[in-house]
Amino acid sequence: RQLLWAFLLFTKCFDFCVFALVASKEVDVLSKALGFFYRQGGTVNVMERSEGLENYSGFSLVEASVKASNGNKGHASGIINALLGACYVNRQPEKALEVVRAYDCLDFLKPDLVALCLTYAVLEETRIAEASVFLTRANNLFEGDQCQSPASTRHVDCNKLGVHGIRVLHDNPEFFVVSKPSGMVCYHSSASSNNPKRRRRRSDLSLEECLMSSGVPLSSLNKEGRGMVHRIDRGTSGCIVLAKSNRQHAVLLSQFFCRNVQKSYQALICCDRRQTKLASEGVINLDIDGRPAISSYELETTLGAGHSRVRVRTKQGRRHQVRIHCANGLQSPILLDPLYNGQASMKNLFRHENLKATLPKLRSSQKFCLHAESLSLPELGIECRAPLPDW
């Protein structure tokens, strides 16, 4: 009998060792694949290549993501969030729960706002009670940052918004789409309070402040700027969508993360006459800060004095993507862009009498010729266009 018990114990131990070995090899193979996908195309590529998630446990997926990151917390969270994004796109709530629970078990890394919003978004249709837990966690993520609950619905003063140059494009009970004027910052970041140079610029009104003072209720999940799901630069004009409720904030953030948003920009660029004539259309594949970034462009019209207007569509939406791709990809910086050599051609434009007074004013107000022309989220029924400014 003792020999039998010893044999059974040995068999179970052997089975466990074999299982552990197989699981370890599975994680190794998976981590190599995830690391390769992430290096080649970032989170978008991980989401697009993540078929067969149901064949792996949540713990294996998270462990493989951490291993693929080589100790980089940002890369680890990016890969895990991409897996949650794939669960959202493919409607896999059970797998999303597995992944986020394994994510919660990590000691050095915890789910961020994107992870919590993605989990909420994938659960909200079928597992409402569990979804609400993640929305509450998202709301409490920045506890102590004086992030208040969304304001109650009030009458929106569109005339007041018009005074600030803000045009309402779409008003919905849960979100608000406007055309922001060039020269207006989306929100004043907390870093501005600690920087003397930036503090002097806080006297100008931000889009967030204008909307709130005009009666627009805004969500509170973003600790930097209420309602802000995405942003456009101070000098850029055009379409921006804001969330009124925390629920809609989570859904919108998930849509943006999964690249379900189509955006196009109009840019007035400075073409060097010495370079090859710009093709009528093309693709710009140029990494930004070591991360993959792809844009496509179409030549809209050629203007005098070596300038052209192009329509640009972005795939990833990296910081300053359109500005960098025009300046470094097309070798044609956006007119008046102070960071990417867009002011160098102004001396040629001063020969035009009608521009002599306009250009210095635009430059001093930190405006440049980039316009977020359209924004489309088909799943939410958003289809907006902002008229071109008078450049």
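Can you work out which of the residues in region 93-128 that are charged (D, E, K, R) and not in a helix (DSSP H, G or I) is most open to solvent (accessible area, probe 1.4 Å)?
D107
Checking the condition over 18 Å from F176 (Cβ atoms) and in contact with a Pro (Cβ under 9 Å, 6 or more places away or on another chain), which residue from C270, C258 passes?
Criteria check complete, one pass: C270.
Looking at (1) among the small types (G, A, S); (2) within 30 Å of C117 (Cα to Cα); (3) open to solvent by less than 30 Å² (accessible area, probe 1.4 Å), which is the only condition G306 fails?
(2)
For region 216-263, enumerate the residues that are assigned to a loop (DSSP other than H, G, I, E, B) and hydroxyl-bearing (S, T, Y).
Correct list: S219, S220, T236, S245.
Which condition does S295 not pass, out of (1) touching a helix residue (DSSP H, G or I) at 6+ places or on another chain (Cβ under 9 Å); (2) part of a loop (DSSP other than H, G, I, E, B); (3) open to solvent by less than 60 Å² (accessible area, probe 1.4 Å), if it passes all the others?
Condition not satisfied by S295: (2).
Output the residue which, of all residues in region 132-165 that are at pLDDT 85 or above and under 22 Å from the mean Cα position of the chain (by Cα), is surrounded by the fewest Cβ atoms within 10 Å (Cβ to Cβ).
N140
Out of curiosity, is V283 β-branched (V, I, T) and outside any strand (DSSP E or B)?
No, not satisfied.
Restricting to region 231-272, count the residues that are touching a Phe, Trp or Tyr at 6+ places or on another chain (Cβ under 9 Å) and charged (D, E, K, R).
4
Tell me which residues, restricted to region 28-60, are under 24 Å from the mean Cα position of the chain (by Cα) and at positive phi.
G42
Here are some residues: R385, R363. Which one is at pLDDT 95 or above and open to solvent by 50 Å² or more (accessible area, probe 1.4 Å)?
Just a single option satisfies the conditions, and that option is R385.
The values are calculated or read from the model by the stated rules, or taken from the named source; none is laboratory data. What you see is a predicted model; the values in this text were computed from it and never measured. FYI the Cβ positions are ideal-geometry reconstructions off the backbone, even for glycines, and counts take in every protein chain you see. SASA here: full protein model, heavy atoms, side chains in, ligands and nucleic acids out. Shrake-Rupley method; radii C 1.70, N 1.55, O 1.52, S 1.80 Å.
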